[in-house]
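Colleague: Right, I'll just put the structure down here and ask away after.
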Amino acid sequence: MTDREVVEQAYRLYAAGDLGSVFALMAEDIAWGSCGIPGSDITAGCSTGRAAVDRYFDALRGAWEIEGYEVREILGTEGRFAVHARVKARHKTSGTLLETDKVDLLTIRDGRIAAFTEIMDTHPMHALAG
């Protein structure tokens, strides 16, 4: 699989809800980052390793129900990619729906996702979460 195919496959699997297969595409020592204010945003911060990524998704799924995920564009070559996506998620406590764009930056090394950073405006998430 080419680096681009790794990225495309990861997003197809994520959109289908197959996190186990997404994890199989990650390097054991993946560097993971999510924008936001650490301590006030349950998913914000940087961490290393698949176990840390699993904790990120546990926190995300505990607070939000993903109702839609659409990849709009994938840019990049040779191991470095940017992915523009549109997310629809419902906050589990307030019931409010969030629709927002996000950009993910990925590094592919040896056919695996070695680094991932997501960037989005977190203000609406905080406002809707109450």
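The values are calculated or read from the model by the stated rules, or taken from the named source; none is laboratory data. All of these numbers come straight from a predicted model, not from anything done at the bench. Note that each Cβ is placed from the backbone with ideal geometry, even for glycine, and that neighbours are counted across all protein chains shown.
Colleague: Out of segment 89-110, which residues are on the phi < 0 side of the Ramachandran plot and either outside any strand (DSSP E or B) or small (Gly, Ala, Ser) (or both)?
Modeller: ALA89, LYS92, THR93, SER94, THR96, listed by residue number.
Residues checked against (1) touching a Lys or Arg at 6+ places or on another chain (Cβ under 9 Å); (2) over 28 Å from GLU28 (Cα atoms); (3) among the aromatic types (Phe, Trp, Tyr); (4) at pLDDT 95 or above:
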| residue | (1), (2), (3), (4) |
| --- | --- |
| GLU65 | yes, no, no, no |
| SER94 | no, yes, no, no |
| LEU98 | yes, yes, no, no |
| ASP104 | no, no, no, yes |
| THR107 | yes, no, no, yes |
| ALA114 | no, no, no, yes |
| MET120 | yes, no, no, no |
| PRO124 | no, yes, no, no |
| ALA129 | no, yes, no, no |
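Colleague: Please name all residue pairs, on different chains or six or more residues apart, with Cβ atoms under 6 Å, provided the first residue is in segment 1-20 and is touching a residue at least 60 places away in the same chain (Cβ under 8 Å) and the second residue is part of a helix (DSSP H, G or I).
Modeller: Matching pairs, first to second residue: ALA10/VAL22.
Colleague: From (1) closer than 16 Å to GLU118 by Cα; (2) modelled with pLDDT under 95; (3) more than 12 Å from the chain's Cα centre (by Cα), pick out the condition that doesn't hold for ARG80.
Modeller: Every listed condition holds for ARG80 apart from (2).
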